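The values are calculated or read from the model by the stated rules, or taken from the named source; none is laboratory data. These numbers come from a predicted model, not from an experiment. Neighbour counts run over all protein chains shown; Cβ positions are idealised from the backbone, glycine included. The area values use the complete protein model at the heavy-atom level, side chains included, leaving out ligands, DNA and RNA. Shrake-Rupley method; radii C 1.70, N 1.55, O 1.52, S 1.80 Å.
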Amino acid sequence: MTELTSRARLHCRIGYSLFGIAIGVSVFVIWLTVFDNGKETYATVTYGGLSGVLAAWNLILHIMHYQDLWRTWLKGLRLFVGGGLLFLGITGISFVTFLVLAIYLNQSDLVRSYYITAIWCALSAKWSFLLFWHSRSYRNEFADLTALLEF
C-alpha cells in the first residue's frame, strides 16, 4: 500500500531542493573563480554544477507534484525515472574513478584534489537517487489512475 505524499513533506522536499540548488551554484561559482584552474578544479566545478542541476530537476519534480500536473503527463515521470538512473550510473562510476585517481596520485592537498571531486560526485549521485526514488514513488501514486485510463 502506497502512502500519499502530504503537503508538509512536499514543502520540506521543495525547501531541500532549493538549498541544494544554492549549494551547487555556489560551489560552481566559488571553485571557478577563487581557486586556480587545474584539472582537479574543473572536475570539481563540473560535478558541483551537476549537483545543482540535479537539485533543480528534483525541485521541478516536486513542484509539478505539488501542483498536481503529473495526472496530465504521466509518461513524463518515465523521463524523470530514466534520467535519475542514468545520472546515478554516471556519477557512481565517476565517484569510484576520482577516488581511485586521488589514491593513486597520492594527493594530499584536500582543496585541489580529486577527493573533493569524489565528494561532489557522491552528492550528485545522491540527487540522482532522490530524483529516481521520488519520481518512482509519484508514479506509483498514480498507478491506479493509469489503470483507469487504459480502459
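Tabulated values for the structure
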| quantity | calculated |
| --- | --- |
| ILE103 under 13 Å from the mean Cα position of the chain (by Cα), loosely packed, with under 15 Cβ neighbours inside 10 Å and without any contact (Cβ under 8 Å) to a residue 12 or more places away in the chain | no |
| Condition check for ILE93: within 19 Å of the chain's Cα centre (by Cα), aliphatic (A, V, I, L, M), surrounded by 14 or more Cβ atoms within 10 Å (Cβ to Cβ) and within 21 Å of LYS126 (Cβ to Cβ) | no |
| Residues being buried (at least 19 other Cβ atoms within 10 Å of the Cβ) and either among the hydroxyl-bearing types (Ser, Thr, Tyr) or modelled with pLDDT of 95 or more (or both) - total across the range 1-19 | 1 |
| Qualifying positions in the range 34-67 - open to solvent by 70 Å² or more (accessible area, probe 1.4 Å), more than 25 Å from LEU105 (Cα to Cα) and without any contact (Cβ under 8 Å) to a residue 24 or more places away in the chain | ILE60, GLN67 |
| Qualifying positions in the range 68-86 - of a type outside the set (A, V, I, L, M, F, W, C), closer than 10 Å to LEU131 by Cα and open to solvent by 30 Å² or more (accessible area, probe 1.4 Å) | GLY82 |
